[in-house]
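The values are calculated or read from the model by the stated rules, or taken from the named source; none is laboratory data. Treat the numbers as computed from the prediction; the structure is a model and nothing was measured. Cβ placement follows ideal geometry from the backbone for every residue including glycine, while neighbour counts extend to all protein chains displayed.
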């Protein structure tokens, strides 16, 4: 009986380190209102091709990465359940539902998610881009 109490406690405590990004404080941000570092990156992605990971981009480039991105598969079958954005230093993760456009851009502990896929193929249409900005805790 003690074993089951211990096991349930461990499972509950280990699941408390994460939350869905939809529960975070967020706001819509137009391209023109983004920081200069982000707009420079979006206008010149080829400048960053050396070390780019297209799903997760931490800016400014060259600093130590604080986040990683992990794909979580479903329990049955080979499908993707969701993405996990992990703060490496604080051991906190954020669940990002399937179907959320990428890349995920992190700048100053803030997550920016574009409103559409394939943002690098529409360079002429950058000004119409809109992002959701999430405050990462």
* Structure fact -> When restricted to 39, 9, 71, the only residue surrounded by 10 or more Cβ atoms within 10 Å (Cβ to Cβ), over 24 Å from residue 129 (Cβ atoms) and at pLDDT 70 or above is 71
* **Residues being out of contact with any strand residue (DSSP E or B) (no Cβ under 6 Å at 6 or more places or on another chain), surrounded by fewer than 18 Cβ atoms within 10 Å (Cβ to Cβ) and either on the phi < 0 side of the Ramachandran plot or outside any loop (DSSP other than H, G, I, E, B) (or both) - total across the range 111-134** => 11
* Can we say residue 100 is surrounded by 11 or more Cβ atoms within 10 Å (Cβ to Cβ), at pLDDT 90 or above and over 20 Å from residue 135 (Cα atoms)? -> no
* **Hits in the range 105-137 (condition: more than 22 Å from residue 60 (Cα to Cα) and in contact (Cβ under 8 Å) with a residue 60 or more places away in the chain)** => 128
